[in-house]
Amino acid sequence: MHYEEDAVTDQPLGQLPRRWRRWAGAWRRWSLWALLVVLVAGMLVTQVWLAGRYEAGEVQTRLERDTADAVSDIRNAFAHNLQNLQALQAGDPDLASWESRAAVLLAAHRELVRIEWRDSLLQLRAHAESPYRPQHRDPAMGASMHSETALACTNARRITGPSYSSSYFQPLPEGVGAEMMEVCLPLVNDGQARGFVVATYSLQTVLQDLVAPGMRRTQEVSFTEADGTRLAMVGATRRGTRMFTAQQLFDLPGNTLILRMDGWHAAPSVFPNVLTALVTAMSIALVSVLVVLVRDNRRRLSAERDLGEALAFRKTMEDSLVTGLRARDINGCITYVNPAFCDMVGFSAAELVGQVSPPYWPPEHAREYAERQSVRMAGRNDPPREGYEATFMRKDGTRLSVMIYEAPLINAQGLHTGWMGSFLDVTEQRRVEELSRTTQERLQATARLATVGEMASLLSHELNQPLAAIASYATGSLNLLGSAQASQPPSPQDLADLRVGVQRIAQQAERAGRVIKSVHDFVRRRDQSRESVTAQELFDAVLPLIRLQAHKIGVRVLLDIRPGLPAVLCDRTMVEQVLLNLARNAMQAMDDPQIHPRILDLRVRRAASNAARGWLEFSVADMGVGIPQDVAEHLFTPFYTTRAEGMGLGLGLSLCRTVVEQHGGFLDHAERQPRGTVFTFTLPAFQEADD
């Protein structure tokens, strides 16, 4: 025993719960089958028991019905006998005639054993006895019988009707006896009892003659008192193991008897009973079915489990989708929508299923959509596989743009039963595209304004020196010409000097023209397509403007471009404007006489965090006082500035971030040590396509 316990204990802990779960599952499965068998057996036993109860109830009901019929027969016979007793006094007969009539009545009714005619004082005037049962009255019993008769007649006089006495035992010859009962019928004349007719019943004979013979052959019939004492009994002997008893109250004026019938019946038979036989046959069939079900149970449970898992997976997958799904039948009626579609349009599944013209169709497009649906349902136009865009209306009235992809819905038999559509909410995408377009337009407008300002500043600075030189050479040339006109013709030296001056004027004018052309070319560059541009080319385009402003405020410009860097894929004009704006902001941060030295550091290197993807990092650093915390919180807010001239000619940091993010990069800033701020942004490197 210890070895077995150790073996169980040494099992890995992870296996014990799995084994327990397997045992629990097997126990649950077999317990269900055992419960089913118990229920079937219980049903069979219950049906057999109910069948037995039903048969016993039928026997008891039949016995009670026979008892009631027997009481009714005896009551009718007693009433008929009372009429015959009253008829004995018809015509005021004499004693001999009366006795003759009484003898005839006794011969016709065996249950009557004696009839007496008594006067009002109960003195016997005449009597007759039954020829079937001669009466030998015992003088000792005369007093008791007289007392019973007196009591019955006294009650009859009081109620002015027949009255029955209590039963009494009268001995008979050969040591036997019988229970007797008397009825006293008053003879009323002018409201006074002038005498009595007293008839004696033998209770044994009453049962023999007045109860139907069929009842006596199958039941034991008896008269009993209230305490169960039997007074008289007739009927069949006991046959069977089970006794059924029925009692009926036999109420007579002055006396009450109980008629009791006892019947014996064998144990209720099972198979002869139709209901029990049917139940047995059904039970046998049910057991046979159970045997078949046991064989097929495992395969059915496995199939149900697989089907349940598949349905649960399908339901979970449909509920977790962000793509709306809608199914329509061949007539265009909606038959299914998933939760994502309901969330998309704001209507519940109950509100959509069964609709042909759904409520999410905007009123302004309802007719167009209905016509398109009619064409599709007619099969004349298959939906485009690349999808098409439509506008839906939510339950609150707002509109949304959706991309619809529809395909025919084919059932397992290969029949076309409808259409299955998937829906993508592209409202946010369209909003972003519109915002991007608007931002591009604003950037272009702002860039043009900034370029105009830069062009004016550049022209004013660059043209200042050539114009000043032209003016100086023109003044010298005029002076040479003026001196020549005053005296003598110009000397060869003066002509040579004049020629040099005119050449200098031409050179300076050509220089001014090149300045104007370069600025003009910078302004006119409007191509928005992305192209491959090196970092050096980007800086070459903006460095003249950067150095112009740097020269004004005494800032030293340092440019550091790592060798071997690839070109970037970008919108050249926009990136140049970003570089120009960041450089101008950096120089403005150092426009303070107390800041020394003033160095603008421009660098380009490969981004460390995105080296695998090929990104370049541009940085613009200054040595200013830095950015305060309250200003940093609003630094990228559109049109936010701390200077009166801010955003007058620049793009603004918000638009710079937008341009960088449109290229897939990021723009951020950080503190520079020992002082200043460094702005950094990234651009994607140009990747040449493989052959």
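Of all residues being in contact with a strand residue (DSSP E or B) (Cβ under 7 Å, 6 or more places away or on another chain) and of a type in the set (Val, Ile, Thr) in the stretch 556-574, which is nearest to residue 533 (Cα to Cα)? Just the residue, please.
568
Within the stretch 606-629, count every residue that is modelled with pLDDT of 80 or more and either part of a loop (DSSP other than H, G, I, E, B) or farther than 19 Å from residue 534 by Cα (or both).
Let us first name the residues in the stretch 606-629 that are modelled with pLDDT of 80 or more, namely 606-607, 614-629.
In the following step, the residues that additionally are either part of a loop (DSSP other than H, G, I, E, B) or farther than 19 Å from residue 534 by Cα (or both) were identified as 607, 614, 621-629.
Of the residues in that region, 11 qualify.
Which count do you get for residues in the stretch 56-107 that are part of a helix (DSSP H, G or I) and more than 18 Å from residue 163 (Cβ to Cβ)?
33
Consider only pairs whose beta carbons are under 7 Å apart and that are at least six residues apart or on different chains; among these, list those whose first residue lies in the stretch 47-74 and is under 21 Å from residue 204 (Cα atoms) and whose second residue is in a helix (DSSP H, G or I).
That search, which allows pairs on different chains as well, returns 66/215; 70/215; 73/210; 74/206; 74/210.
Condition (residue is in contact with a strand residue (DSSP E or B) (Cβ under 8 Å, 6 or more places away or on another chain), in a loop (DSSP other than H, G, I, E, B), more than 25 Å from residue 439 (Cβ to Cβ) and at pLDDT 85 or above) applied to the stretch 535-548: is it met by at least one residue?
Within the stretch 535-548, not a single residue is in contact with a strand residue (DSSP E or B) (Cβ under 8 Å, 6 or more places away or on another chain), in a loop (DSSP other than H, G, I, E, B), more than 25 Å from residue 439 (Cβ to Cβ) and at pLDDT 85 or above.
Tell me, which residue of the stretch 198-230 that is among the β-branched types (Val, Ile, Thr) and touching a helix residue (DSSP H, G or I) at 6+ places or on another chain (Cβ under 7 Å) is modelled with the lowest pLDDT?
Once the filter is applied, the top-ranked residue is 211.
With the condition kept exactly as written, say whether any residue in the stretch 108-131 is part of a helix (DSSP H, G or I) and either modelled with pLDDT under 90 or not hydroxyl-bearing (Ser, Thr, Tyr) (or both).
Yes, because at least one residue in the stretch 108-131 is part of a helix (DSSP H, G or I) and either modelled with pLDDT under 90 or not hydroxyl-bearing (Ser, Thr, Tyr) (or both).
Okay, residues lined up against (1) within 27 Å of residue 596 (Cα to Cα); (2) surrounded by 16 or more Cβ atoms within 10 Å (Cβ to Cβ); (3) modelled with pLDDT of 70 or more; (4) of a type in the set (Asp, Glu):
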position	(1), (2), (3), (4)
642	yes, no, no, no
647	yes, yes, no, no
653	yes, yes, yes, no
669	yes, yes, yes, no
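Tell me which residues, restricted to the stretch 652-679, are part of a loop (DSSP other than H, G, I, E, B) and of a type in the set (Gly, Ala, Ser).
Matches in the stretch 652-679: 652, 664, 665, 676.
If you go through the stretch 404-444, how many residues are closer than 21 Å to residue 378 by Cβ, assigned to a strand (DSSP E or B) and either out of contact with any strand residue (DSSP E or B) (no Cβ under 6 Å at 6 or more places or on another chain) or aliphatic (A, V, I, L, M) (or both)?
5
What are the residues in the stretch 78-123 that are surrounded by fewer than 20 Cβ atoms within 10 Å (Cβ to Cβ), more than 19 Å from residue 207 (Cα to Cα) and of a type in the set (Gly, Ala, Ser), if any?
Within the stretch 78-123, 87, 90, 91, 96, 97, 100, 103, 120 qualify.
Can we say residue 442 is within 60 Å of the chain's Cα centre (by Cα), at pLDDT 80 or above and among the basic types (Lys, Arg)?
No.
Criterion first (modelled with pLDDT of 85 or more, surrounded by 14 or more Cβ atoms within 10 Å (Cβ to Cβ) and either of a type in the set (S, T, N, Q) or within 23 Å of residue 569 (Cα to Cα) (or both)) does residue 677 satisfy it?
yes
Results for (1) under 26 Å from residue 654 (Cα atoms); (2) in contact (Cβ under 8 Å) with a residue 12 or more places away in the chain; (3) touching a Lys or Arg at 6+ places or on another chain (Cβ under 9 Å), shown as yes or no for each residue.
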| site | (1), (2), (3) |
| --- | --- |
| 550 | yes, yes, yes |
| 562 | no, yes, yes |
| 573 | yes, yes, yes |
| 581 | yes, yes, no |
| 585 | yes, yes, no |
| 589 | yes, yes, no |
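The values are calculated or read from the model by the stated rules, or taken from the named source; none is laboratory data. Fair warning: this is a prediction, and the values are worked out from it, not measured in the lab. We place every Cβ from the backbone using ideal geometry, glycine too, and count neighbours over all the protein chains shown.
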